[in-house]
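Trainee: Submitted below is the structure of interest, expressed as structure tokens.
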Amino acid sequence: MTIEWSAETREFHLRNGLVSYVARVLESGWFGHVYFGSSLAGGKSYGHLGPNDFTGYANRLGEPVPFEYPIGGGGDYRIPALTVELADGSGVLDLQYKGHRVIDGKPPLAGLPSTYVEVAGEAETLEVTLGDDVAQLEVRLTYTIFRDRPVIIRGARIANAGKAPIVVGCAMSSSLDLPDDEWQLITLSGEWTRERHVERRDLRPGRQSVSSNRGASGHQHNPFVALVRAETTESSGEAIGLSLVYSGNFLAEAEVEPFGTTRLRAGINPEGFSWTLDPGAEFASPESVLAYSSGGLDDLSQAYHSLFRERLARGAWRDKARPVIINNWEATYFDFDEPKLLAIASAAQKLGVELFVLDDGWFGRRDDDTTSLGDWRVNTAKLPGGLESLGRKVEALGLGFGIWIEPEMVSRNSDLFAEHPDWAIGVPARSRTEYRNQLVLDMTRPEVVDHLFGVLSAVLGSAPISYVKWDMNRNITEPFSVGLPAARQGEFMHRYILGVYDLYERLTTAFPRILFESCAAGGGRFDPGILAYAPQAWTSDDTDAVERLKIQWGTSLAYPTSSMSAHVSAVPNHQVGRITPLDTRAAVAFFGVFGYELDPAALSDEERTQVAQQVEFYKKWRDVFQRGRFRRLRSPFEGRRDEAAWMTVSADARSAVVAHYQILSRPNPGPRRLRLRGLDPAATYRVSTWPSVVQEGGLQPRPLDVGGDVLIAAGLVLEGGRKSAEAGDFRARVYVLEAT
Ligand code: GLA
């Protein structure tokens with residue numbers, strides 16, 4: 001890994017054997033982009049790739065010159081990275097290269113989540129300073145390259161070095177100019193209970209984007225996009241990823257201009273955003289992660305998975321085996337008391353479950369969703385001995401104890417709202433829109449964050465709590481804070497999320513042993529920003545096994561299995577009414593952080609035996625499920641056979657678990673194979689199946705010894721034939737591979 005600078009050609013070259021990133025100071029003094037892609041040789045100039053002799057837009061208006069941090073108003077009509085309003089009302093800038101420095105490692109980003117380094121020599125950061133002497137504005141662009149990852153981490157800081165305020169209207173985290181438009185755009189889009197479905201479309205002239213203006217990254221779109229070639233598959237072809245380490249309003253946008261080049265940018269959504277920079281002040285963008293793969297989407301995903309798992313997630317739980325959880329929500333909803341909860345916990349413990357989570361309804365007068373958010377005091381009618389007594393009893397059963405909270409919310413019907421009606425977001429003299437009967441607290445106000453830290457610290461300190469599910473069930477409306485002056489209301493949405501990060505930072509620091517899981521009505525804030533504080537997230541409120549295939553597949557494009565909480569729930573499924581076999585539900589949930597969301601007492605003896613076997617199986621392969629290399633094999637979004645398949649391989653490739661899902665049964669399916677990836681071609685693997693095939697009616701039991709080369713090149717012979725068709729819909733087969 002090096003960051004080269006040539007004073008002669010005024011070129012930077014960041015490279016590490018996996019990727020190269022080349023940028024150049026142009027003849028005009030502006031900062032131009034040259035190249036991002038596979039690693040190039042060091043010690044050479046790549047300036048000939050263009051643009052040549054660019055002295056400015058004089059007589060060249062509209063030419064698609066590649067820039068590192070484009071500005072509007074000066075002849076570049078494409079989407080800008082930076083827009084400002086200066087004291088005279090103008091927005092014209094001339095960003096000249098002023099200097100640069102190379103920093104060992106990666107400086108932290110105060111107040112914002114970010115990737116980090118742990119050991120010396122792991123990464124280097126280039127900081128390039130650009131400046132406009134008339135505006136007295138400085139832009140510091142940072143580029144971090146890791147020794148052994150195909151990623152470049154980018155961010156921007158905008159500083160006011162003058163004497164008059166400057167208003168920033170747009171300050172992207174990254175802008176990347178690509179020399180052609182032969183790309184397809186992949187986004188992860190959907191809605192509540194169907195989050196992060198893969199959307200793939202050709203780029204067309206003009207702009208195409210995904211964004212959020214909800215105050216959270218949202219169920220609808222994820223702050224991750226990829227550009228791929230038409231021929232790119234999981235295992236071959238080019239892919240460029242752009243991920244934003246941010247949980248608030250975002251924009252990720254591609255523009256194809258008439259000459260057929262592409263600009264890709266991502267950052268805080270400029271719509272509704274403005275930030276006033278007083279003299280001497282600086283604004284820092286969230287950071288963004290650019291990744292490059294010439295080996296298909298799989299390699300791109302591996303880059304994000306390992307970075308997010310190893311150098312974004314933090315704290316004691318980052319590398320620890322995550323417990324198998326039982327959550328009472330779908331078992332009881334709000335209708336519970338201590339004996340009922342203990343019955344669930346005790347039954348679950350007998351099946352091997354490790355931690356019991358008490359979901360919504362334990363506080364205030366909350367017997368339904370109309371009251372008490374904000375009143376974080378235990379409801380002693382339901383839990384006479386409080387959280388402490390329940391927690392001790394749960395612990396005595398041999399389980400860890402966790403609780404649900406929704407810190408950012410307040411019910412109109414609550415003591416908190418009665419005391420502090422102005423703490424709820426809204427415009428005075430206008431009505432506030434409710435959703436799920438709740439309002440959102442104004443996290444831009446330090447007194448609100450202080451209050452929440454105080455009351456939640458008291459709760460978390462009052463009982464033996466080792467896990468917290470931090471929910472966030474609605475988006476922001478009527479964005480406005482009585483705590484901000486009129487000129488700063490455009491800062492509201494960003495300040496909101498900074499307040500959320502502040503609270504997360506303080507609570508995770510004060511309670512370092514607690515495992516935090518984030519949730520936002522399922523996957524409504526599943527992004528790298530929150531993952532920096534909470535290493536796992538409730539992937540979706542949809543626990544149906546078939547729906548989860550798509551949700552987990554899409555999520556896995558950017559996020560590791562260790563971040564995806566996945567539970568087995570009861571049937572008929574509460575979200576879609578579908579009835580799937582218990583083992584299929586488990587076979588999907590295995591590929592995440594596993595748990596249950598049902599009442600074990602309501603299961604039959606046979607089902608309880610199955611659950612015990614599932615938990616035992618998961619624990620045995622937990623490390624491979626949570627920390628293995630997850631590889632997608634057959635997409636539930638494509639293909640003609642109504643199937644899906646994926647696998648996860650241990651880091652040393654000595655063991656792997658493969659799952660094949662036959663969604664609808666097919667008549668007369670014939671023999672089929674599944675080509676695997678990531679195995680050691682020289683190893684011989686013992687292949688066995690789960691659940692035991694004998695149990696399902698007389699197929700020939702495995703194990704079988706097969707070479708890694710055969711499994712990769714020819715494929716794994718799938719169980720099946722006529723028998724599997726007779727078994728019915730929604731079937732899963734899990735194969736375990738162990739090198740002999
Ligand atoms: C959200 C969550 C659920 C559950 C409920 C409780 O919908 O996603 O898992 O915690 O809130 O109200």
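Trainee: With a point put 7 Å past each Cα toward its Cβ, work out how far residue 654 is from residue 579 in nm, to one decimal.
Mentor: Between residue 654 and residue 579, the simple spin-label model gives 4.4 nm.
Trainee: For segment 77-181, which trypsin sites (Lys or Arg not before Pro) pass both filters: DSSP loop (anything but H, G, I, E, B) and at most 11 other C-beta atoms within 10 Å? Before the final figure, lay out each step's value.
Mentor: Values: sites: 78, 98, 101, 140, 147, 154, 157, 163; in loops: 78, 147, 163.
Listed in order of number, the matching sites are 163.
Trainee: Which of the lysines could a cross-linker span from residue 163 if the Cα-Cα distance has to be under 23 Å and same-chain partners fewer than 8 positions apart are dropped?
Mentor: Straight-line reach from residue 163, under 23 Å: 98.
Trainee: Students often forget the sequence filter, so: which lysines lie under 27 Å Cα-Cα from residue 382 once same-chain residues fewer than 8 apart are removed?
Mentor: 340, 350, 393, 469
Trainee: Scan around residue 19 for amide H atoms under 5 Å from its own, H built in the peptide plane at 1.01 Å from N, and keep only partners 5 or more places away or cross-chain.
Mentor: Answer set, sorted by chain and number: 39.
Trainee: Listed highest first by mean packing, meaning other Cβ atoms within 10 Å per residue, what order do 558-571, 27-40, 109-122 come in?
Mentor: Working: 558-571: 25.5, 27-40: 19.4, 109-122: 15.4.
The peptides rank, most packed first, as 558-571, 27-40, 109-122.
Trainee: Share of the chain's accessible area from carbon and sulfur, percent, 1.4 Å?
Mentor: Values: 13110 of 26280 Å².
Roughly 50 percent, rounded to a whole number.
Trainee: Here's a follow-up. What's the percent breakdown of Cα-Cα distances in segment 322-470 across 5 Å bins, shortest bin first?
Mentor: In whole percents, the pair-distance histogram is 2, 10, 19, 21, 18, 13, 9, 6, 2, 1, 0, 0.
Trainee: Take 330, 85, 478 and sort them by solvent-accessible surface of the protein heavy atoms, 1.4 Å probe, largest at the top.
Mentor: On the way: 330 20, 85 100, 478 45 Å².
I get 85, 478, 330, largest accessible area first.
Trainee: Defining a contact as two alpha carbons under 8 Å apart and six or more residues distant in sequence, what relative contact order in percent does segment 7-93 show? List each step's numbers first, then the result.
Mentor: Working: 139 pairs, mean separation 17.5, N = 87.
Relative contact order for segment 7-93 comes out at 20 percent.
Trainee: Please give the Cα centre distance for segment 254-272 versus segment 148-194, rounded to the nearest Å.
Mentor: Taking the Cα centre of segment 148-194 as reference, the centre of segment 254-272 is 9 Å away.
Trainee: Averaged across orientations, what area in nm² does the convex hull of the alpha carbons in the chain project? Spell out each step's value before the answer.
Mentor: Working: hull surface 128.1 nm².
Orientation-averaged projected area of the Cα hull: 32.0 nm².
Trainee: For segment 47-200, divide the Cα radius of gyration by the Kirkwood radius and give the resulting Rg/Rh value with two decimals. Could the numbers behind the result be given before it?
Mentor: Details: Rg = 18.2 Å, Rh = 18.1 Å.
Rounded to two decimals, Rg over Rh is 1.00.
Trainee: Which part of segment 19-36 falls in the paramagnetic zone of residue 63, meaning amide N under 15 Å from the point 7 Å along Cα-to-beta-carbon?
Mentor: Once the point is set 7 Å along Cα→Cβ of residue 63, 26-33 turn out to lie under 15 Å by backbone N, inside segment 19-36.
Trainee: Taking the solvent-accessible surface of protein heavy atoms with a 1.4 Å probe, what is the per residue accessible area of the chain in Å²? Show your work: numbers first, answer last.
Mentor: On the way: 26280 Å² over 740 residues.
Per residue, the chain has 36 Å² of solvent-accessible surface.
Trainee: Over the chain, what is the relative contact order in percent, taking alpha-carbon pairs closer than 8 angstrom and at least six residues apart?
Mentor: 10
Trainee: Calculate, in nm to one decimal, what residue 369 and residue 6 gain on full extension: separation in residues at 0.36 nm each, minus their alpha carbon distance. List each step's numbers first, then the result.
Mentor: On the way: separation 363, 0.36 × 363 = 130.68 nm, distance 6.25 nm.
Extending this stretch completely gives an extra 124.4 nm.
Trainee: When we measure straight from the Cα of residue 320, which aspartates and glutamates land under 12 angstrom away, once same-chain ones fewer than 8 places off are left out?
Mentor: Within the straight-line limit of under 12 Å, residue 320 reaches these aspartates and glutamates: 310, 623.
Trainee: Hey, got the dipole for segment 420-466? About the Cα centre, +1 on K and R Cβ, -1 on D and E Cβ, debye to the nearest 20? Kindly include the intermediate steps, with their values, before the conclusion.
Mentor: Values: 4 positive and 5 negative charges, 37 e Å.
Dipole about the Cα centre, nearest 20: 180 debye.
Trainee: Take every DSSP beta bridge with both residues inside the chain and express the antiparallel ones as a percent of the total, to the nearest 5.
Mentor: Details: 139 of 170 bridges.
Bridges in the chain are about 80 percent antiparallel.
Trainee: Could you grab the relative contact order for segment 243-312? Cα pairs under 8 Å, six or more apart, rounded to a whole percent.
Mentor: Numbers: 58 pairs, mean separation 20.7, N = 70.
Relative CO of segment 243-312 lands at 30 percent.
The values are calculated or read from the model by the stated rules, or taken from the named source; none is laboratory data. Since the structure is predicted, the reported quantities are computational estimates derived from the model, not experimental observations. Glycine also receives a Cβ, built like all others from the backbone with ideal geometry; neighbour counts cover every protein chain displayed. With ligands, DNA and RNA removed, areas are computed over all heavy atoms of the protein, side chains included. Shrake-Rupley method; radii C 1.70, N 1.55, O 1.52, S 1.80 Å.
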